[in-house]
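Let me begin by presenting the structure, written as structure tokens, before commenting on it.
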């Protein structure tokens, strides 16, 4: 009987360690304030340059919701500054968006804003 008890304790220990590893893996996500102290504004398109993003990282978009929004778009929407049908529009002024693996594109679709550099393209590995 005592050997069964040791086996169960060992199994529980392994499960606890695996759970901790999973939690630590999730907690490694970084949070980025888009535009840094200037927030989500014009000429933000170069803001991602030199940064390393990972899937699961969170982007904080801070802006005045009366003046701007954030739209998650595809590559075509990013390039042409248009909002594809069904695109997710964020408009709280304090949006938190988790990056998916691969290319992530965001624009402001207020007239002229995307064309004035209020857009970002981020590749998350």
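Among residues belonging to the stretch 67-80 that are touching a strand residue (DSSP E or B) at 6+ places or on another chain (Cβ under 7 Å) and farther than 20 Å from residue 39 by Cβ, point out the one that is surrounded by the most Cβ atoms within 10 Å (Cβ to Cβ).
First, the residues of the stretch 67-80 that are touching a strand residue (DSSP E or B) at 6+ places or on another chain (Cβ under 7 Å): 69-75, 77-78.
The next check asks that each one be farther than 20 Å from residue 39 by Cβ; those that pass are 74-75, 77.
Values: 74: 11, 75: 10, 77: 20.
Among residues in the stretch 67-80 that are touching a strand residue (DSSP E or B) at 6+ places or on another chain (Cβ under 7 Å) and farther than 20 Å from residue 39 by Cβ, the one surrounded by the most Cβ atoms within 10 Å (Cβ to Cβ) is 77.
Does residue 60 fit the bill of being modelled with pLDDT under 95, surrounded by 10 or more Cβ atoms within 10 Å (Cβ to Cβ) and more than 18 Å from residue 123 (Cβ to Cβ)?
Details: modelled with pLDDT under 95: no; surrounded by 10 or more Cβ atoms within 10 Å (Cβ to Cβ): yes; more than 18 Å from residue 123 (Cβ to Cβ): yes.
Spelling it out, it is not the case that residue 60 is modelled with pLDDT under 95, surrounded by 10 or more Cβ atoms within 10 Å (Cβ to Cβ) and more than 18 Å from residue 123 (Cβ to Cβ).
So which residues in the stretch 52-66 are more than 16 Å from the chain's Cα centre (by Cα) and either touching a residue at least 24 places away in the same chain (Cβ under 8 Å) or farther than 22 Å from residue 36 by Cα (or both)? Reasoning before the result, please.
Filtering the stretch 52-66 for residues more than 16 Å from the chain's Cα centre (by Cα) gives 63-66.
Scanning the stretch 52-66 gives 63, 64, 65.
Look through the stretch 97-125, keep the residues that are farther than 16 Å from residue 76 by Cα and assigned to a loop (DSSP other than H, G, I, E, B), and return whichever of them is nearest to the chain's Cα centre (by Cα).
Residues of the stretch 97-125 that are farther than 16 Å from residue 76 by Cα, as a first pass: 97-101, 110-113, 116, 124-125.
Subsequent filtering for residues that are assigned to a loop (DSSP other than H, G, I, E, B) retains 99-101, 110-113, 125.
Details: 99: 3, 100: 7, 101: 10, 110: 21, 111: 24, 112: 24, 113: 21, 125: 12 Å.
So, considering only residues that are farther than 16 Å from residue 76 by Cα and assigned to a loop (DSSP other than H, G, I, E, B), the one nearest to the chain's Cα centre (by Cα) is 99.
Looking at the stretch 28-35, is at least one residue touching a helix residue (DSSP H, G or I) at 6+ places or on another chain (Cβ under 8 Å), over 18 Å from residue 114 (Cβ atoms), in a loop (DSSP other than H, G, I, E, B) and modelled with pLDDT of 95 or more? No, that holds for no residue.
The values are calculated or read from the model by the stated rules, or taken from the named source; none is laboratory data. Just so we're clear, the structure is a prediction, and the values are computed from it rather than from any experiment. Neighbour counts run over all protein chains shown; Cβ positions are idealised from the backbone, glycine included.
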